[in-house]
1. Would you confirm, using the coordinates I've provided, whether GLU124 is closer than 14 Å to LEU192 by Cβ and among the charged types (D, E, K, R)?
2. Looking at the range 128-167 only, could you name the residues that are among the polar types (S, T, N, Q) and either closer than 19 Å to ASP190 by Cβ or under 14 Å from the mean Cα position of the chain (by Cα) (or both)?
3. Out of (1) modelled with pLDDT of 90 or more; (2) of a type in the set (A, V, I, L, M); (3) surrounded by fewer than 19 Cβ atoms within 10 Å (Cβ to Cβ), what's the single condition that is false for LEU20?
4. Filter the range 108-160 for residues that are open to solvent by less than 20 Å² (accessible area, probe 1.4 Å), assigned to a helix (DSSP H, G or I) and within 18 Å of PHE33 (Cβ to Cβ) and give the result.
5. Identify, from the list GLU35, GLU68, GLU64, the residue that is more than 30 Å from ALA194 (Cα to Cα), modelled with pLDDT under 85, among the charged types (D, E, K, R) and in contact with a Phe, Trp or Tyr (Cβ under 8 Å, 6 or more places away or on another chain).
6. Applying the selection to the range 40-52, what residues are surrounded by 14 or more Cβ atoms within 10 Å (Cβ to Cβ) and part of a helix (DSSP H, G or I)?
7. Looking for something touching a His at 6+ places or on another chain (Cβ under 7 Å), charged (D, E, K, R) and crowded, with 20+ Cβ neighbours inside 10 Å - is there at least one such residue anywhere in the range 161-175?
Amino acid sequence: MTRDTVPVATVRPLRRDAELNRRKIIASARIVFSERGFGATLDDIAHHAGLGVGTVYRRFPSKEHLVEAMFADRLDEIRVLAEEALEVGDPWEAFADLLLRTAALHADDRGLREVMLSNNFGQERVAEAKGRLIPLAMKVVQRAKDSGQLRADFEATDIAIIHMMIGSVIEYTQDVRPELWRRYLGVLLDGLRADRCHEADQQHKALDVESLETVMCTWQPHH
């Protein structure tokens, strides 16, 4: 057979099959990670997708590669929420709504909650997405403090700790009262208002950025 008669089109079905498998893997991973968090394995995802384990490992050599493909874009969704919060006229409402909308995403997607609160999942794209989000969150917090509505000792690093607290409520009550976390977020927000702040509450300062990074490297979700 000469070079001119090689049926070039014969490679295309393989490429389509590979892309179809990739989409199946990501779709299954969204479901499995959302329900079970990162305690799930690539084998679990292969089983859910109805694919061989080898097929999954050819596309994604490790769980971290799959997390990177899935969650960098989801973190950018949270960045958009922060950008929208900066457009809200009332700084307190902007701050409270950002916490509420972010917690709602966490409640619906355990994997997203874990990748947000831990530095042990994902690689460069996830880190870059977090890097784009943090300055916006700091602006939302500063606006609320400057308005005199958010207690003066609150720092942007406190947001992650609050989500760790709310995440525990989500994990322990989701099978009984899946929306109960909203009650406790409301209680926390009530305590964050400047007019509810007392000197006795301020003896323990917020984490600095370096300390928060240490916490996020050691925090492990409950599985």
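1. No.
2. SER147, GLN149
3. (1)
4. Once the filter is applied, which keeps residues that are open to solvent by less than 20 Å² (accessible area, probe 1.4 Å), assigned to a helix (DSSP H, G or I) and within 18 Å of PHE33 (Cβ to Cβ), the range 108-160 yields GLY111, LEU112, ARG113, GLU114, VAL115, LEU117, VAL126, ALA129.
5. Exactly one residue qualifies, and that residue is GLU64.
6. Matches in the range 40-52: LEU42, ASP44, ILE45, ALA46, HIS47, HIS48, ALA49.
7. No: the range 161-175 contains no residue that is touching a His at 6+ places or on another chain (Cβ under 7 Å), charged (D, E, K, R) and crowded, with 20+ Cβ neighbours inside 10 Å.
Each row is one residue, and each column tells you yes or no for (1) assigned to a helix (DSSP H, G or I); (2) without any contact (Cβ under 8 Å) to a residue 24 or more places away in the chain; (3) open to solvent by 20 Å² or more (accessible area, probe 1.4 Å).
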| position | (1), (2), (3) |
| --- | --- |
| TYR57 | yes, yes, yes |
| GLU64 | yes, no, yes |
| MET70 | yes, no, no |
| ARG74 | yes, no, yes |
| VAL88 | no, yes, yes |
| ALA94 | yes, no, no |
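The values are calculated or read from the model by the stated rules, or taken from the named source; none is laboratory data. For clarity, every value in this text was computed on a predicted model and none was experimentally measured. Ideal geometry is used to build each Cβ from the backbone, glycine not excepted, and the neighbour counts take in all protein chains shown. Surface areas here come from the heavy atoms of the whole protein model, side chains and all, with no ligands, DNA or RNA. Shrake-Rupley method; radii C 1.70, N 1.55, O 1.52, S 1.80 Å.
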